[in-house]
1. So, in region 117-128, of the ones that are in a loop (DSSP other than H, G, I, E, B) and either free of Cβ contacts under 8 Å to residues at least 12 places away in the same chain or under 19 Å from the mean Cα position of the chain (by Cα) (or both), which residue ends up surrounded by the most Cβ atoms within 10 Å (Cβ to Cβ)?
2. Would you confirm, using the coordinates I've provided, whether ALA155 is free of Cβ contacts under 8 Å to residues at least 24 places away in the same chain and over 21 Å from LEU32 (Cβ atoms)?
3. Residues being part of a helix (DSSP H, G or I) and either without any contact (Cβ under 8 Å) to a residue 40 or more places away in the chain or out of contact with any helix residue (DSSP H, G or I) (no Cβ under 7 Å at 6 or more places or on another chain) (or both): count how many of those fall in region 32-61.
4. If I ask for residues that are of a type in the set (D, E, K, R), surrounded by fewer than 19 Cβ atoms within 10 Å (Cβ to Cβ) and assigned to a helix (DSSP H, G or I), which ones from region 74-109 would you list?
5. Check PHE112, PHE157 and return the single one that is under 19 Å from SER20 (Cα atoms), in a helix (DSSP H, G or I) and of a type in the set (Phe, Trp, Tyr).
6. Looking at (1) more than 17 Å from THR13 (Cα to Cα); (2) modelled with pLDDT of 95 or more, can you tell me which one ALA133 breaks?
7. Looking only at region 134-152, which residues are under 27 Å from TRP80 (Cα atoms) and surrounded by 12 or more Cβ atoms within 10 Å (Cβ to Cβ)?
8. Quick one: is GLU83 at pLDDT 80 or above, acidic (Asp, Glu) and over 17 Å from ARG111 (Cβ atoms)?
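The values are calculated or read from the model by the stated rules, or taken from the named source; none is laboratory data. It should be emphasised that the depicted structure is a prediction, and the values quoted were computed from it without experimental measurement. No Cβ is skipped: glycine too gets one built from the backbone with ideal geometry, and neighbour counts run over all protein chains shown.
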Amino acid sequence: MNMNRRRLRSAKTYVILGVSGSGKDTQAGLLLKALPKAYRISTGDSMRKMVKRKNAVGRYVAGVLSRGGLLPAWTPIYLWLAEFAEKLDGDESVFFTSGPRRIEEAKLLDRFLNDIGRPAPVALYLRIPASVAAARLRARGRHDDTPAAIRGRVAFFNEHVRPVIAYYRRSGRLIEVNGDQPVLGVSVEIKRKLHLR
């Protein structure tokens with residue numbers, strides 16, 4: 001195995017999963033501060049950037065999202081590949097937030113990482129009761145955190161993301177974290193389970 005391949009194999013990739021309001025972005029931010037070479041990939045942020053470009057893919061993504069539709073599984077892979085190509089040397093730790101959110105996406109991510117020489121990702125599941133997540137979302141006061149939208153996000157999580165969690169559990173790549181505790185407590189538990197100081 002050549003040196004570049006070895007460097008890539010030592011790189012860590014994590015997927016942070018949890019219902020909306022579980023603290024995925026907050027915990028990813030804390031992990032970025034704790035690790036010297038780490039990068040966060042947010043599918044949502046990548047999609048918003050793509051829509052702003054107003055090219056063919058951006059218009060397609062905007063159209064599907066405006067209708068409340070579900071993008072095909074290739075869309076996140078396309079966005080993730082663009083992020084990897086643009087920003088990463090290859091040996092950084094990478095944290096995915098807001099994806100993969102469907103089984104097809106999780107399998108494509110595994111394949112993509114294998115193809116570029118990185119190990120399969122480990123999933124961190126921030127386990128939190130839906131009622132607590134809903135209360136957190138209401139408290140943050142964003143205009144799109146309406147009761148109907150919150151119910152829709154919880155329903156999406158139950159239908160699509162729970163099978164992804166089961167997929168990672170079956171493959172022995174799931175770390176469950178109690179997300180129903182103060183932010184610092186969640187961070188300490190994650191670092192302990194990832195063997196970080």
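1. If we filter region 117-128 for residues that are in a loop (DSSP other than H, G, I, E, B), which is where we start, we get 117-121, 128.
Then keep just the ones that are either free of Cβ contacts under 8 Å to residues at least 12 places away in the same chain or under 19 Å from the mean Cα position of the chain (by Cα) (or both); that gives 118-121, 128.
Numbers: ARG118: 22, PRO119: 15, ALA120: 16, PRO121: 20, ILE128: 20.
Going through the qualifying residues, I end up with ARG118.
2. yes
3. Residues flagged as part of a helix (DSSP H, G or I) and either without any contact (Cβ under 8 Å) to a residue 40 or more places away in the chain or out of contact with any helix residue (DSSP H, G or I) (no Cβ under 7 Å at 6 or more places or on another chain) (or both) within region 32-61 amount to 18.
4. GLU86, LYS87, GLU104, LYS107 - these are the residues of region 74-109 that are of a type in the set (D, E, K, R), surrounded by fewer than 19 Cβ atoms within 10 Å (Cβ to Cβ) and assigned to a helix (DSSP H, G or I).
5. Numbers: PHE112 fails: under 19 Å from SER20 (Cα atoms).
Being under 19 Å from SER20 (Cα atoms), in a helix (DSSP H, G or I) and of a type in the set (Phe, Trp, Tyr) holds for just one of PHE112, PHE157, which is PHE157.
6. (2)
7. Our first condition is that a residue be under 27 Å from TRP80 (Cα atoms); within region 134-152, this holds for 137, 142, 144-145, 149-150, 152.
Passing the criteria: LEU137, ASP145, ALA149, ILE150, GLY152.
8. Criteria not met by GLU83.
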